[in-house]
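The structure under discussion appears below in the form of structure tokens.
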Amino acid sequence: MRKLMGLGLVSLSLAALTATTAVQAAEPHRGGVFRAIASASAGTIDPLVNYQQEYWELFASVYDGLLSFKKVSGKDGATIVPDLAEAMPTVSDDGKTLTFTLRKGIKFSNGKDVTVADVKASFERIFKVLSPTAGSFYGGIVGADACLKTPATCNLDKGVVVDPATNKITIHLTAADSDFYDKLSLPHASILPADAPSKDAGNTPIPGTGPYVIKDYDPNTGLKLVRNPYFKVWSKDAQPDGYIDELDYKFGMTDEAQVTAVQNGQADWMFDDIPADRLAEVASKNAKQIHLEPLAAFYYAALNVNIAPFNNEKVRQALNYAVDRNALVKIWGGPQLAVPTCQVLPLNFPGHEDYCPYASGKNFKPNMAKAKELIKESGIKPGMKVTVITEDKTGWKNMGAYIQSVLNELGFDASIKPLAHSIEYTYINNSNNKAQISLSDWFQDYPAPADFLQILYSCSSFHPGSDSSPNIAGFCDKGIDAQMDAAMKTQLTDNAAAMKQWAAVDKAVVDKAPLVSFFNPKKVEFVGKNVGNYIFNPVYLFMPTLASVK
């Protein structure tokens with residue numbers, strides 16, 4: 001998942017950050033308005049289309065799937081529990097048939113009962129609206145292959161079989177999928193009314209089943225959540241009732257203004273990161289309001305393998321040798337806030353084994369001499385123009401400027417093209433825009449290697465000409481795809497062996513170099529002094545509707 005965050009932090013005392021949770025954990029109470037602020041919106045409000053953390057944090061309390069991640073902090077937050085389903089499914093011996101029973105008595109926020117027909121229609125809608133994970137997450141459902149070819153007429157009669165008389169839902173897969181429970185627990189598998197539009201709903205909210213409903217949304221100004229009058233708690237683990245009565249989310253404030261607003265009690269939380277020139281001040285004056293959270297994520301440059309100059313593997317490898325990852329860590333905020341990496345799988349993540357063929361030792365020292373040697377071997381003519389696409393925030397532009405300088409040192413004529421926060425990601429997704437190199441980030445959807453490697457670098461995740469193509473590099477290697485398939489199969493019966501296979505996939509992708517990995521980050525959360533019951537879920541991250549405000 002893409003999570004757009006500001007860059008340009010400075011080092012600060014970890015002691016000042018890690019001692020704050022107990023102070024914030026006051027007895028929660030019901031009521032009040034939670035005031036959130038951000039520099040910009042995150043595009044469509046359609047839960048089956050939007051793929052950015054800024055709204056997934058909200059979707060968790062607006063929509064539900066058959067399953068969900070437990071909505072608590074810490075490791076327990078990665079536990080999968082039944083949500084709209086009464087219980088975890090029964091599974092056939094071959095792992096290809098899953099049978100659920102839909103809970104009775106649940107209503108959408110428009111007052112209509114949730115039925116098994118809504119469930120089937122929602123799975124078909126995943127394909128009709130061209131969800132960015134349609135193929136990678138749900139392409140294993142029987143009939144999905146035809147839906148991917150002709151989305152508008154998607155029919156899953158054989159893949160999602162429903163029985164209104166018994167409230168049963170049976171999902172047939174073409175092959176067992178060890179990550180399918182995780183995929184069913186994400187917003188892209190939300191159950192929506194059967195009459196939801198068969199195209200991206202854009203700025204028009206769709207009724208949901210959670211404790212809150214999106215009342216108003218203007219991507220230029222703000223968003224408002226209010227209580228869903230039809231909501232009743234059916235599972236505290238899957239969908240607890242929130243504490244706040246309303247969430248008022250304002251867009252258009254600079255990161256500097258956001259910090260001041262939280263400090264002055266004019267806002268309860270800022271989505272964007274604290275800028276460099278304010279972090280030391282905040283760490284000193286507002287230490288009790290800061291939380292430092294480790295993230296299963298990485299920042300990287302996507303190298304378009306289908307157009308010059310990065311259609312040449314030696315050029316891609318050269319850039320990997322040339323980049324000083326410690327310099328990028330310094331731009332981010334120093335070793336307390338980021339750890340350099342050459343890999344796709346984050347540190348301490350399932351399947352991660354330390355590997356970096358491009359830098360020396362634990363210090364990740366670059367090798368410019370080797371890089372220039374590879375450029376010479378590649379046959380690329382000096383002076384070729386290369387444009388680095390990045391977001392228009394200061395920190396992103398600083399990152400882009402560094403990559404530009406490295407490319408120039410390698411003999412290219414490099415420039416930067418900053419794009420607005422709200423459009424940059426879809427722009428670099430679409431291969432029609434011919435982005436040669438673009439800066440991006442990826443945050444876990446769920447804690448499994450496929451969520452990084454398969455989503456970002458499998459052939460099925462590249463959708464030419466689409467704004468929803470997370471394989472930004474356009475990378476497709478049939479051999480590596482086969483390795484991924486083998487790891488997924490092994491994972492069904494031997495998780496430890498599968499993690500070894502995923503580690504080999506990670507190394508194979510690094511060797512082919514469709515990217516330059518930068519670092520694994522940590523998140524600095526800044527909340528208002530009147531905020532209690534701070535919950536940071538490992539999947540959904542900060543959960544504002546579970547907070548309480550005085």
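The values are calculated or read from the model by the stated rules, or taken from the named source; none is laboratory data. Bear in mind that the values here come from a model prediction, so they are computed numbers and not experimental data. Note that each Cβ is placed from the backbone with ideal geometry, even for glycine, and that neighbours are counted across all protein chains shown. Side chains included, ligands, DNA and RNA excluded: accessible areas come from the protein's heavy atoms. Shrake-Rupley method; radii C 1.70, N 1.55, O 1.52, S 1.80 Å.
Numbers at a glance
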quantity: Condition met for residue 174 (modelled with pLDDT of 95 or more and either at positive phi or open to solvent by 60 Å² or more (accessible area, probe 1.4 Å) (or both)); calculated: yes
quantity: Count - residues of segment 254-269 that are surrounded by 20 or more Cβ atoms within 10 Å (Cβ to Cβ) and modelled with pLDDT of 95 or more; calculated: 6
quantity: Qualifying residue in segment 191-198 (condition: among the β-branched types (Val, Ile, Thr), within 17 Å of residue 89 (Cα to Cα) and either open to solvent by less than 10 Å² (accessible area, probe 1.4 Å) or touching a strand residue (DSSP E or B) at 6+ places or on another chain (Cβ under 9 Å) (or both)); calculated: yes
quantity: Segment 149-160 - residue that is in contact with a Lys or Arg (Cβ under 8 Å, 6 or more places away or on another chain) and surrounded by 13 or more Cβ atoms within 10 Å (Cβ to Cβ) and, of those, nearest to residue 97 (Cα to Cα); calculated: 160
quantity: Complete set of residues in segment 285-305 that are over 27 Å from residue 351 (Cβ atoms) and either polar (S, T, N, Q) or touching a Pro at 6+ places or on another chain (Cβ under 9 Å) (or both); calculated: 286, 289
quantity: Qualifying residue in segment 129-140 (condition: within 29 Å of residue 465 (Cβ to Cβ), touching a Pro at 6+ places or on another chain (Cβ under 7 Å) and open to solvent by 20 Å² or more (accessible area, probe 1.4 Å)); calculated: yes
quantity: Members of segment 413-436 that are more than 25 Å from residue 45 (Cβ to Cβ), of a type in the set (A, V, I, L, M, F, W, C) and surrounded by fewer than 22 Cβ atoms within 10 Å (Cβ to Cβ); calculated: 416
quantity: Candidates 174, 133, 150, filtered to the one that is over 26 Å from residue 246 (Cα atoms) and without any contact (Cβ under 8 Å) to a residue 12 or more places away in the chain; calculated: 150
quantity: Among the candidates 441, 445, residue that is within 20 Å of residue 43 (Cα to Cα), out of contact with any strand residue (DSSP E or B) (no Cβ under 9 Å at 6 or more places or on another chain) and not polar (S, T, N, Q); calculated: 445
quantity: Residues of segment 107-124 satisfying the condition of being open to solvent by 10 Å² or more (accessible area, probe 1.4 Å) and touching a residue at least 24 places away in the same chain (Cβ under 8 Å); calculated: 107, 109, 110, 111, 112, 114, 115, 117, 118, 120, 121, 124
quantity: Hits in segment 236-267 - residues which are polar (S, T, N, Q), more than 25 Å from the chain's Cα centre (by Cα) and part of a loop (DSSP other than H, G, I, E, B); calculated: 264, 266
quantity: Every residue from segment 74-95 that is part of a loop (DSSP other than H, G, I, E, B) and either aliphatic (A, V, I, L, M) or in contact with a Gly (Cβ under 9 Å, 6 or more places away or on another chain) (or both); calculated: 83, 84, 87, 88
quantity: Unique match (being among the charged types (D, E, K, R) and either out of contact with any helix residue (DSSP H, G or I) (no Cβ under 6 Å at 6 or more places or on another chain) or open to solvent by 60 Å² or more (accessible area, probe 1.4 Å) (or both)) among 218, 179; calculated: 218
quantity: Condition met for residue 74 (at pLDDT below 95, at positive phi, under 27 Å from the mean Cα position of the chain (by Cα) and crowded, with 21+ Cβ neighbours inside 10 Å); calculated: no
quantity: Unmet requirement for residue 545, which otherwise passes all of (1) free of Cβ contacts under 8 Å to residues at least 60 places away in the same chain; (2) more than 23 Å from residue 138 (Cβ to Cβ); calculated: (1)
quantity: Residue in segment 233-245 that is farthest from residue 27 (Cα to Cα), counting only those that are open to solvent by 10 Å² or more (accessible area, probe 1.4 Å), touching a residue at least 24 places away in the same chain (Cβ under 8 Å) and of a type outside the set (Asp, Glu); calculated: 234
quantity: Close pairs (8 angstrom Cβ cut-off, 6 or more residues apart or separate chains): more than 23 Å from residue 472 (Cα to Cα) in segment 370-392, part of a strand (DSSP E or B) anywhere; calculated: 383/413
quantity: Conditions (1) of a type outside the set (Ser, Thr, Tyr); (2) in a strand (DSSP E or B); (3) closer than 20 Å to residue 542 by Cβ: number failed by residue 301; calculated: (3)
quantity: Members of segment 51-71 found to be at pLDDT 95 or above, assigned to a loop (DSSP other than H, G, I, E, B) and open to solvent by less than 20 Å² (accessible area, probe 1.4 Å), listed by number; calculated: 60, 61, 62, 63, 64, 65, 66, 71
quantity: Qualifying residue in segment 85-103 (condition: over 19 Å from residue 181 (Cα atoms) and either free of Cβ contacts under 8 Å to residues at least 40 places away in the same chain or open to solvent by 10 Å² or more (accessible area, probe 1.4 Å) (or both)); calculated: no
quantity: Residue in segment 214-235 that is farthest from residue 104 (Cα to Cα), counting only those that are of a type in the set (A, V, I, L, M, F, W, C) and more than 22 Å from the chain's Cα centre (by Cα); calculated: 226
quantity: Residue among 12, 48 that is aliphatic (A, V, I, L, M), at pLDDT 55 or above and assigned to a loop (DSSP other than H, G, I, E, B); calculated: 48
